[in-house]
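Structure record follows, encoded as structure tokens.
Just so it is clear, none of the values below were taken in a lab; they were calculated from the coordinates. All values derive from a computational prediction rather than experimental measurement. Note: ideal-geometry Cβ built from the backbone for every residue, glycine included; neighbour counts use all protein chains shown.
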Amino acid sequence: MTDVAVPVTTKKDWTSDQEIRWCPGCGDYSILTAVQMLMPELGARREDTVFISGIGCSSRFPYYMDTYGVHSIHGRAPALATGLAVSRPDLHVWVITGDGDALSIGGNHLLHALRRNVDITILLFNNQIYGLTKGQYSPTSETGKVTKSTPFGSLDHPYNPVSLALGAEASFVARTHDMDRKHMMATFKRAYEHKGASLVEIYQNCNVFNDGAFEAILTKDNRPRMLIPLVHGEPIRFGVEGEKGVVVTADGARIVEVADVGEGALAVHDEARPDPSVAFALSRLADGPTSPTPIGVFRAVERADYGSLVNSQVLRASDQKGPGDLDALLASGATWTVG
Amino acid sequence: MADTASPPRTDVAHTDSPTSGSSTAGASTNPIELDRVVIRFAGDSGDGMQLTGDRFTESSALFGNDLSTLPDFPAEIRAPAGTLAGVSAFQVHISDHDILTPGDHPSVLVAMNPAALRANVKDVAPAGTIIVNSDSFDERALAKAGYAANPLEDGSLKDFTLYEIPMTSITLEAVKPSGTKPRDAERSKNLFALGVISWMYTRPVEATIAWIEAKFAKNDMVKMANVLAFKAGYNFGETAELFESNYIVKPAALDPGRYTNVSGNTALAWGLIAAGQLAKLPIFLGSYPITPASDILHELSKHKNFGVRTVQAEDEIAGVGAALGASYGGALGVTTTSGPGVDLKTETIGLAVNLELPLLIIDIQRGGPSTGLPTKTEQADLLQAMFGRHGEAPVPIVAPQTPGDCFHAAIEAARIAVKYRTPVFLLSDGYLANGAEPWKIPDVDALPDISVPFATEPNHVRGDGGEEFWPYLRDATTLARPWAVPGTPGLEHRIGGLEKADGAGTVSYDPTNHEKMVHLRVAKVAGIARDIPLVEVDDPDGDSELLVLGWGSTYGAIAAGLRRVRLQGHHVAHVHVRHLNPFPANLGDVLVRYPKVLVPEMNLGQLCKLVRAEFLVDAKGLNKMSGQPFRAGEIERAVLDALAGS
């Protein structure tokens, strides 16, 4: 590939001529901008880039990218993306989805795409609400959520998407948020470069139906004490002065005062750890975005991706049996001749 | 065969045979010639009856007979042994001439236990032959089958030729040299039965022995036991002074050519592989296991050297979703399923209608609704294929007529899908899927080229003179939109389930545009009528009053039934439609020529409803919903009744 020139593009090249129809102030805008700005940096080709989405506000995303794209049906984007990624390993396939799309109606497909390690990059816009249908609670809404469909408060226990993905042994799991373009771009880049299924949960504000859902952790003032940055190879610590940290024991992960335990007791983040249990423990530090919450890459391990496995089987079959011969196939059973 | 152990002496009883006169041993030197015979093997679902029937079929095919088969097995993997619910049967019709059905009534029933006898005796032809494993007729087994008295002793079978053979004990004795334990040895009794019938109908034995040796090559003991059991059965027929004669059904005078014996599902899988080659597209199968379609997934999975990719998806929805995603990328996306799976795939099929991408939906119909009768046949998904989506969402439908025809129907469905960029339903059914027939292997070079080009260039000039790509700018003749696959520089575009602007393909909520797009999608599918063959009318005399209109797997029963009616001097016409949406262009004209139209279907009148609505003809239905295919005799009677009712 070294003799192939890296295409030089700008954000404008990745921007379609379609008018954007998200509500003014929606967090989706900053995510779109981050992706459009990242593409030139990745040296990606527009013709080799496909965005596949399901249904929901975020799933309008492909219309705004000047690439190939499919706005499919509710929850099924990972299914379409699996077929495309397996049959066209030369493409880079992104899946754009939301908390309702990926975790409710499409939960099964998400789990299996992660389990199989299909080579797709999944951006999961989590706003903890159904926006397109105008404000019902979602599978990531906090218990007790009062919405149009839950006037007395929701009863369901919410999913933590990162925990879910780690439980499915996803090979790449990360979290970022719509208030920090730099962090988003860095995280998306890692997800893009990962071979296999990568899932990025993006905390995204729905300013119309669930405004301020992430305020407790994402206002500029709150971030230092409420976001726990995960940096590979570094001790996990946070706080205005870095005074807090995370220790991991057999009982799980817990937040400590560094002064109490000493820096040496802090967990050193290892995103490449083969066993997902420590990453899972980290994902359980916060029940929801109201207490200190880890962001960054939880897990990035190498595992053969599904499309490569499928295609190597196809190649191996050709090597062993020779290319398909239709005449021979039709006569592969017992045959006899008449006349 | 003389080198094998001769069967032990047994107290074989040969009761109440109307033809029992002088028994002659070793009658095989001068077998009686028959033009056809229908044999049904029946036993417990664990008795290996499907295997036995399959093998008898294969040896008959190699012998050169025409044949047709009807496997009939329970939905349970292993229903309680000895019960009626657990009976598994395999019927095969072999003949020295061209035949069309597995036969209405078996002339020979092989019953391995009382339940198999009880479940099948009502179907046996008058004065037919019944061969039972008399060892299995003990009190307990009789009770399990619901017999108050032993039918072998109470005279209830006096109208049949009954042969009682202690198959279990002879088998146990015969396989002793293999060293098999009695419990395992007993399992070879199906091959003993196969041996008896192979002698009775003068089947060649070497090929079957070779087949047993290959099939059980991994276990010498089992291999030896099965060969011994088969030989013992054959020798038993020859030496046991039980049968007065054996029979021969001579090879049929089929069209010259090379033949193989093929089931509908195998033919369908091969047709898909051929379609991929003819379309110059890789086949991508997204599928979830379901009876009776799984064998297509199995078969395609074997042939990856044809570039076939198979994904066993997490569910039916993912199966069709992955297939559609692959089609978007320039593969020929296929999904295989049965009715319950079609239910789940419906939303994605609607998306494919809107995306206007090729997609094959193979529906092997089974008894419904819901889980229904998974292993039985039915044709009741026609209206689902026609209308089972929200909105106006037309999908072309192709239906194969015989097991071998599944090959050609798959190619035809693929041709339509890629040429018109549309999902296409292929409606097979359980009867075609599992039934087998000799199939003349087609000349691969004579198969049609069904390839279409991908779009490579922009197709529209903007107001400012710049070029761009419009994904919904249609071909003037076919109304198909261009198929531009990712990876093609300059043709980047977005498509989706939302309504699209005619031509440009951008999202459009404009009412006039939506109405136009609805009509365009309908017109595109309707226009396929110009590109499919006209229906052929089988009306030898040209003056028939009655037309029998069928579709799909009823072809054989209708054609065979009409043969009988015509032999009686009646003039009757037959049309069998292969394309159910759109209908062939001349179908309406043909239908209105006949004062009477009879539509036999394994549903409650779905095609009948369509032709009545479409052509205002007073078609009458002949409907069967038993999970079993029509018998020729049923068609014959209904046609005679319809003729008499004038």
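Points worth noting:
- Computed from Cα positions, the angle between helix A:77-87 and the longest principal axis of chain A comes to roughly 40 degrees.
- Local electrostatic count, A:GLY212, Cβ distance below 15 Å [Lys/Arg +1, Asp/Glu -1]: -2
- The phi-based Karplus calculation (6.51 cos²θ - 1.76 cosθ + 1.60; θ = phi - 60°) puts the 3J(HN,Hα) values of region A:202-219 at 10, 5, 10, 7, 9, 6, 9, 10, 8, 4, x, 4, 10, 4, 4, 10, 10, 5 Hz, whole numbers, x for Gly and Pro.
- Considering every alpha-carbon pair of region A:245-296, the percent of pairs per 5 Å bin, from zero through the bin containing the longest distance, is 4, 20, 29, 26, 16, 5, 0.
- Based on Cα contacts under 8 Å between residues 6+ apart, region A:59-129 shows a relative contact order of 34 percent.
- Choice from A:LEU38, A:LEU132, A:LEU227 with maximal GNM fluctuation in chain A (Cα, 10 Å cutoff): A:LEU132
- Using a Förster distance of 45 Å, the FRET efficiency for B:HIS519-B:ASP315 (Cβ separation, nearest 0.05): 0.85
- Diffusion coefficient of chain A by Stokes-Einstein, Kirkwood radius over Cα pairs, 20 °C, 1.002 mPa s: 100 µm²/s.
- Cα-based convex hull volume of the protein assembly as shown per residue, rounded to whole Å³: 219 Å³
- Chymotrypsin sites (Phe, Trp or Tyr not before Pro) within region B:520-627, DSSP loop, no more than 11 other Cβ atoms inside 10 Å: none
- Beyond 23 Å in Cα-Cα separation lie the following of the pairs B:LYS176/B:LYS218; B:LYS419/B:LYS609; B:LYS144/B:LYS176: B:LYS419/B:LYS609; B:LYS144/B:LYS176.
- Peptide A:313-323 - average C-beta neighbours from other chains (10 Å radius): 4
- Averaged over B:310-318, number of beta-carbon atoms from partner chains that fall within 10 Å: 6
- Given chain B, longest segment not containing exposed loop trypsin sites (Lys or Arg not before Pro) (DSSP; at most 14 other Cβ within 10 Å): B:281-461
- Low-density loop cleavage sites - GluC sites (Glu not before Pro) in region A:1-97, where at most 15 other Cβ are within 10 Å (DSSP): A:GLU19
- Taking all Cα pairs closer than 8 Å and separated by 6 or more residues, the relative contact order of chain B comes to 12 percent.
- Angle in degrees between helix A:306-321 and the longest Cα principal axis of chain A, rounded to the nearest 10: 20 degrees
- Other residues lying with their Cβ under 14 Å from the Cβ of A:GLY56 contribute a combined charge of +1, Lys and Arg counting +1, Asp and Glu -1.
- Summarising the label geometry, the points placed 7 Å from Cα in the beta-carbon direction at B:HIS571 and B:THR478 lie 4.3 nm from one another.
- Helix-only [θ]222 nm of chain B, DSSP H runs n ≥ 4, -39500 (n - 2.57) each, per residue, nearest 500: -10500 deg cm²/dmol
- Calculated over region B:538-646: convex hull of Cα atoms, volume per residue (Å³): 94 Å³
- Exercise: per-residue mean of other protein chain Cβ atoms within 10 Å, A:101-112: 2
- Charging the Cβ of each Asp and Glu at -1 and of each Lys and Arg at +1, and nothing else, the dipole of region B:296-359 about its Cα centre rounds to 340 debye.
- Where labels lie 7 Å past Cα in the beta-carbon direction, separation of A:ASP251 and A:PHE152 in nm: 3.7 nm
- Radius 12 Å from Cβ of B:SER338, net charge of other residues (Lys, Arg +1; Asp, Glu -1): -4
- Between B:ASP641 and B:ARG258, the distance separating the two model label sites (each 7 Å from Cα on the Cα→Cβ line) works out to 4.7 nm.
- Once the C-beta distance of B:ALA75 and B:ALA143 is scaled by a Förster radius of 25 Å, the resulting FRET efficiency is 0.55 to the nearest 0.05.
- Across region A:257-334, the mean sequence separation of Cα contacts (distance under 8 Å, 6 or more residues apart), normalised by length, yields a relative contact order of 24 percent.
- Sparsely packed GluC sites (Glu not before Pro) within region A:169-277, loop by DSSP, other Cβ within 10 Å at most 10: A:GLU241
- Charge dipole (region B:430-512, unit charges on Cβ, about Cα centre) - positive-most of B:THR477, B:SER508, B:HIS493: B:SER508
- FRET efficiency for B:SER626 and A:ASP17, using Cβ-Cβ distance with R0 set to 56 Å, rounded to 0.05: 0.40
- Evaluated at q = 0.17 Å⁻¹, a Debye calculation over the C-alpha positions of region A:1-90 (equal weights, vacuum) places log10 I(q)/I(0) at -0.79.
- Altogether, the Stokes-Einstein calculation at 25 °C and 0.890 mPa s, with the Kirkwood radius of region A:198-311 over Cα pairs as Rh, returns a diffusion coefficient of 159 µm²/s.
- Chain B: angle of helix B:606-615 to the longest principal axis, Cα-based, in degrees nearest 10: 40 degrees
- With q set to 0.06, 0.12 Å⁻¹, the log10 of I(q)/I(0) for chain B, from the Debye formula over equal scatterers at the Cα positions, is -0.38, -1.23.
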